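Enquirer: Mind having a look at this structure? Questions to follow.
A short reminder: the numbers here are calculations on the coordinates, not readings from a lab. The shown structure was predicted, so the numbers you read here are calculated from the model rather than taken from an experiment. Positions of Cβ are generated from backbone atoms using ideal geometry, with glycine treated the same way; all protein chains shown enter the neighbour counts.
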């Protein structure tokens, strides 16, 4: 259930410095969306797959709404397949959560590391999104200031401290 009003509204302003409409926040911390942070190892170096948003063309990771009867990890894998043509497996529990705002509604997103095994040459959303494999420094720069930025940093920490993940060598 959502609510609006009182101390639960936002004090954001629009670029014209007029008050933005109140944000409707979802109660609780149950995620409504799931994201994949896709990675692979190339020649001993980790790479991340980023995609562009449909409307603004900004770099991000695949994500989408969790459909009824679907788990968050299933959604993360489905979105990676549809939005970027990626196949693989979710690695462990969510690396973190972040919030996004769509049409004035705040949604909670659970983000999962995804080890990529296969990349399609053609995929569902290839006509509306770009896909790019980048190394850590470039991914960090492209995601800086985006809603997923903090969770991406957590994912980096997880990869660099997990001996199991560091020992993977997809070529």
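Enquirer: So, in segment 100-153, how many residues would count as being touching a strand residue (DSSP E or B) at 6+ places or on another chain (Cβ under 7 Å), under 20 Å from residue 87 (Cβ atoms) and surrounded by fewer than 14 Cβ atoms within 10 Å (Cβ to Cβ)?
Expert: Selection size over segment 100-153: 3.
Enquirer: Here are some residues: 122, 153. Which one is over 14 Å from residue 34 (Cβ atoms), within 17 Å of the chain's Cα centre (by Cα) and without any contact (Cβ under 8 Å) to a residue 40 or more places away in the chain?
Expert: Values: 122 fails: within 17 Å of the chain's Cα centre (by Cα).
153 is the lone residue from the list that is over 14 Å from residue 34 (Cβ atoms), within 17 Å of the chain's Cα centre (by Cα) and without any contact (Cβ under 8 Å) to a residue 40 or more places away in the chain.
Per-residue answers, yes or no, for (1) farther than 11 Å from residue 49 by Cβ; (2) part of a strand (DSSP E or B); (3) within 14 Å of the chain's Cα centre (by Cα); (4) touching a residue at least 60 places away in the same chain (Cβ under 8 Å):
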site	(1), (2), (3), (4)
82	yes, no, yes, no
93	yes, yes, no, no
96	yes, yes, yes, no
108	yes, yes, yes, yes
112	yes, yes, yes, yes
117	yes, yes, no, no
126	yes, no, no, no
137	yes, no, no, no
141	yes, no, no, no
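Enquirer: Any residue at all in segment 57-74 that's part of a strand (DSSP E or B) and closer than 16 Å to residue 139 by Cα?
Expert: Yes.
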